[in-house]
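Asks: Got a structure for you, written out below as structure tokens; questions coming shortly.
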Amino acid sequence: MELSDSVANAAAIGPDVRTGTIDDVEHIVVLMQENRSFDQYFGTLGGVRGFGDPRPVVLPSGKPVWYQSDGAREVLPFRPDGGPLGGKFLEELDHEWNSGHVAFNEGRYDRWIPAKTPGTMAYLTREDLPFHYALADAFTVCDAFHCSVLGPTDPNRFYMWTGHTGNDGNGGGPVLQNDQLGYGWTTYPERLERAGISWKIYQDVGDGLDAAGNWGWTHHAPYIGNYGSNSLLFFTSYREAGPGDPLYEKARTGTNAKAGEGLFDHFRADVLNGRLPQVSWLAPPEAYSEHPNWPADYGAWYIAQTLDALTANPEVWSRTVLLVTYDENDGFFDHVVPPYPAASPERGASTVPVTGEIYTGGGDFLNGPYGLGVRVPMIVVSPWSRGGWVCSEVFDLTSIIRFMEARFGVYEPGISPWRRAVCGDLTSAFDFTRADLGPLPLPDTTAMAPRDRERHPDHVSPLPADPALPRQEPGLRPARALPYDLRADGRTTPDGAFTIEFESRGPAGAVFYVTSPDGGPWTYTVESGKSLTATWPAGPYDLTVHGPNGFLRTFTGQPGDLETTLGSGTLVITGAPCEITITDGYGTTPPATYHLTPDTSVTHPVPLTGWYDLTVTSPTATRRLAGHVENGEPSRSDPGIIAEESSRP
């Protein structure tokens, strides 16, 4: 693999560590690409929660979440034929609010094919995405990063620019589709401006960034302009700003490719001359945005040019964070059900208010949660995130603002309390005290640049005749420490009802997603340091609880037959007299058999740190307890991920 000279020269340069904290970050650069799901891009990447997830959600059909049905047949994830596919023009799918909520199906997550067509299940591999995979291998990939809305581009980008999409009904909101009518609530760059934090949008002006033009939208010339990705231009304060106004100078200026300028001329010049703002965003032309049907290769070229410009000045790069992510998933499937708030007491509960998180306005739009949306790729590229790490804390697009909050202290009141409770601020993806140095194995992207300046028809592929669930590359990744310490303990009450107590003892809250063959699903949001209890009617029970980073609890049985409590280093079991067996899903310890007797309990050792997957079985009941015990230190990714037998390419 070849490197451009500037990247090769910067590869050996570590971060400018002065305080060993986030304060050493002087520049935050955001490159938000378009319309790709995490599974579509990274489902086969080794060491992340992808197609080899050992604890997937089970659909109402009783099959794992990948077995999506159109009513007559099941469609599994498939790789389109004709690879490598990085240069192919794969089809765009429906990604509007209503189709997103149809696929979501009130949390059942089983209507993807009717809502999106079988094309939703298409995925790509390392062969198709060599640059994206190499970037993930060199830096830090976040495998629990979600878009913010179960809907299209503009609402999601409004979350990234403002923390919400006008959910309170003021300023022209809520915006649920790409209307671009002109809005009146305050954006985060305006807050940065008032606080004296420098910022800028890097873009091409296309046919003009004024009311007489198309605000950077150039459908007839997709290799120039900003594809409308600078959503600040849909706010009245920016539209009415004139020359000399900071909102004009920083958001409505850019390169002029029509006049012969290069797309990166201004960005590169600012980096080389020490003028890079504290916060900046890039808005690429349509052809480079990765929005289907545009090829992923074109986006790889654009990302590489961005990195090449940043590393042209090693001093600037040593103090910079580049966040590469995607605004939404298009219509592409991802297997992780996104965390979402309960719409009613019948559907769950929350210890934090969910005001502004449930749309109930009806009209042309289905009622339901705004989000979180589907998982999308996020690669944290910086001198503090080198080394091929995975970070599995739950994030969404508002986490980008919160990272800026953490660094520059400019608060965004538009982010809801519910999002702040369940989504992190991205700081867990970094180690500001050190950096992993060494070669930076990024492939040359010269051949990935557009071969012409034309649009091309969709690359259409038939479904495979013999569908099979794909597996991931083998191997583990170093994993960042996470702020989770979660509990979900179930027991029967004296009247035979079954209760689960959900608790978060760590610094981060979480959403617990509960399924049952007999109803649901339900969600329970628990803030850090709090708990809540849910109760199901008396009688037989069959409940499964999912939480962040592979957290799983299953409870099946009859009232009073078995009770388990997972503590610090021990699993305590009580219940009716019987023989129980405990098996280890990771195979690190042999099965253990115990005899329960009246008024006694069994204590079984559990690792104090690392991964665990224990199943307790009695003649009438089953408990499964799985997840990861955090101790504040880095660890390794889930060794239970099912991988290919062959070695990584």
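Asks: Applying the selection to the range 201-214, what residues are buried (at least 24 other Cβ atoms within 10 Å of the Cβ) and either over 25 Å from Tyr159 (Cα atoms) or not aliphatic (A, V, I, L, M) (or both)?
Replies: Result: Tyr202, Gln203, Asp204, Gly206.
Asks: Can you work out which of the residues in the range 215-266 that are part of a loop (DSSP other than H, G, I, E, B) and among the β-branched types (Val, Ile, Thr) is most open to solvent (accessible area, probe 1.4 Å)?
Replies: By that ranking, first place goes to Thr253.
Asks: What number of residues within the range 472-490 satisfy the criterion of being surrounded by fewer than 19 Cβ atoms within 10 Å (Cβ to Cβ), on the phi < 0 side of the Ramachandran plot and either more than 21 Å from the chain's Cα centre (by Cα) or of a type in the set (A, V, I, L, M, F, W, C) (or both)?
Replies: Residues meeting the conditions: 3.
Asks: Just a yes or no: is a residue in the range 233-256 at pLDDT 95 or above and within 25 Å of Arg451 (Cβ to Cβ)?
Replies: Yes, because at least one residue in the range 233-256 is at pLDDT 95 or above and within 25 Å of Arg451 (Cβ to Cβ).
Asks: A further question follows. Looking only at the range 179-206, count how many residues are assigned to a loop (DSSP other than H, G, I, E, B) and in contact (Cβ under 8 Å) with a residue 40 or more places away in the chain.
Replies: Matching residues across the range 179-206 total 11.
Asks: Consider the range 365-390. How many of its residues are open to solvent by 10 Å² or more (accessible area, probe 1.4 Å), in a loop (DSSP other than H, G, I, E, B) and in contact with a Pro (Cβ under 8 Å, 6 or more places away or on another chain)?
Replies: The qualifying residues number 1.
Asks: Let me ask something additional. Among residues belonging to the range 60-92 that are open to solvent by 10 Å² or more (accessible area, probe 1.4 Å) and of a type in the set (A, V, I, L, M), point out the one that is farthest from the chain's Cα centre (by Cα).
Replies: In this case the residue turns out to be Ala72.
Asks: Ok, one more. So Asp425 ticks every box in (1) assigned to a loop (DSSP other than H, G, I, E, B); (2) modelled with pLDDT of 95 or more; (3) more than 24 Å from Trp317 (Cβ to Cβ) but one. Which box is left unticked?
Replies: (3)
Asks: Only one of Ala134, Ala122 is modelled with pLDDT of 95 or more, small (Gly, Ala, Ser) and either under 22 Å from Gly46 (Cα atoms) or buried (at least 24 other Cβ atoms within 10 Å of the Cβ) (or both); which? Steps first, please.
Replies: On the way: Ala134 fails: modelled with pLDDT of 95 or more.
The conditions single out Ala122.
Asks: Name the single residue, out of those in the range 271-287 being assigned to a helix (DSSP H, G or I) and either free of Cβ contacts under 8 Å to residues at least 40 places away in the same chain or hydrophobic (A, V, I, L, M, F, W, C) (or both), that is nearest to Asn35 (Cα to Cα).
Replies: Looking at residues that are assigned to a helix (DSSP H, G or I) and either free of Cβ contacts under 8 Å to residues at least 40 places away in the same chain or hydrophobic (A, V, I, L, M, F, W, C) (or both), I get Ala287.
Asks: OK, next. Just one of the numbered conditions (1) outside any strand (DSSP E or B); (2) closer than 21 Å to Gly547 by Cα is not true of Ala309; which one?
Replies: Every listed condition holds for Ala309 apart from (2).
Asks: Got at least one residue in the range 576-588 being acidic (Asp, Glu) and either free of Cβ contacts under 8 Å to residues at least 24 places away in the same chain or surrounded by fewer than 17 Cβ atoms within 10 Å (Cβ to Cβ) (or both)?
Replies: The answer is yes, given that some residue of the range 576-588 is acidic (Asp, Glu) and either free of Cβ contacts under 8 Å to residues at least 24 places away in the same chain or surrounded by fewer than 17 Cβ atoms within 10 Å (Cβ to Cβ) (or both).
Asks: Considering only residues that are among the hydroxyl-bearing types (Ser, Thr, Tyr) and open to solvent by 10 Å² or more (accessible area, probe 1.4 Å), which ones fall in the range 559-573?
Replies: Listed by number, the residues that qualify are Thr565, Ser568, Thr570.
Asks: To continue, here is another question. Looking for whichever is surrounded by 20 or more Cβ atoms within 10 Å (Cβ to Cβ), in a loop (DSSP other than H, G, I, E, B) and not basic (Lys, Arg) here; the options are Leu469, Leu442. Which one fits?
Replies: Every option except Leu442 fails the conditions.
Asks: Next question, about the same structure. Anything in the range 113-127 that is under 13 Å from Trp66 (Cβ atoms), in contact with a Gly (Cβ under 9 Å, 6 or more places away or on another chain) and hydrophobic (A, V, I, L, M, F, W, C)? List them, or say none.
Replies: Ile113
Asks: Test of understanding: among Val141, Val149, which residue is touching a Pro at 6+ places or on another chain (Cβ under 7 Å), modelled with pLDDT of 95 or more, over 30 Å from Asp452 (Cα atoms) and not in a helix (DSSP H, G or I)?
Replies: Details: Val141 fails: touching a Pro at 6+ places or on another chain (Cβ under 7 Å).
From the options Val141, Val149, the qualifying one is Val149.
Asks: Could you please tell me which pairs satisfy a Cβ distance under 9 Å, a separation of 6+ or placement on different chains, a first residue in the range 18-35 that is open to solvent by 30 Å² or more (accessible area, probe 1.4 Å), and a second residue that is among the acidic types (Asp, Glu)?
Replies: Partner pairs satisfying both residue conditions: Arg18/Asp24; Glu26/Asp16.
Asks: Pull up the range 592-647, narrow it to residues that are without any contact (Cβ under 8 Å) to a residue 60 or more places away in the chain and in contact with a Cys (Cβ under 7 Å, 6 or more places away or on another chain), then point me to the one that is surrounded by the fewest Cβ atoms within 10 Å (Cβ to Cβ).
Replies: Pro619
Asks: Conditions first: (1) out of contact with any helix residue (DSSP H, G or I) (no Cβ under 6 Å at 6 or more places or on another chain); (2) closer than 26 Å to Phe234 by Cβ; (3) β-branched (Val, Ile, Thr). Val175 passes all but one, so which condition is the exception?
Replies: Failed condition: (1).
Asks: Kindly indicate the residue of the range 352-364 that is open to solvent by 50 Å² or more (accessible area, probe 1.4 Å) and small (Gly, Ala, Ser) and also nearest to the chain's Cα centre (by Cα) among those meeting that condition.
Replies: Of everything passing the filter in the range 352-364, Gly361 is nearest to the chain's Cα centre (by Cα).
Asks: Output the number of the condition that Val572 fails; it satisfies all remaining conditions of (1) touching a helix residue (DSSP H, G or I) at 6+ places or on another chain (Cβ under 9 Å); (2) in a strand (DSSP E or B).
Replies: Answer for Val572: the failing condition is (1).
Asks: Please work out if Val7 is in contact with a Ser or Thr (Cβ under 8 Å, 6 or more places away or on another chain) and at pLDDT 95 or above.
Replies: no
Asks: Has the range 398-418 got any residue that is in contact with a helix residue (DSSP H, G or I) (Cβ under 7 Å, 6 or more places away or on another chain), open to solvent by 10 Å² or more (accessible area, probe 1.4 Å), of a type in the set (Ser, Thr, Tyr) and within 24 Å of Thr125 (Cα to Cα)?
Replies: no
Asks: Using the structure shown, decide if Asn156 is touching a residue at least 24 places away in the same chain (Cβ under 8 Å) and open to solvent by less than 10 Å² (accessible area, probe 1.4 Å). Can you show your working first?
Replies: Details: touching a residue at least 24 places away in the same chain (Cβ under 8 Å): yes; open to solvent by less than 10 Å² (accessible area, probe 1.4 Å): yes.
Answer is yes for this residue.
The values are calculated or read from the model by the stated rules, or taken from the named source; none is laboratory data. Note that the structure is a prediction, hence the values are computed from the model and not measured. So basically every Cβ, Gly included, is an ideal-geometry build from the backbone, and we count neighbours across all protein chains shown. Ligands, DNA and RNA are stripped out before the accessible areas are found, and what is left, the full protein with its side chains, is counted by its heavy atoms. Shrake-Rupley method; radii C 1.70, N 1.55, O 1.52, S 1.80 Å.
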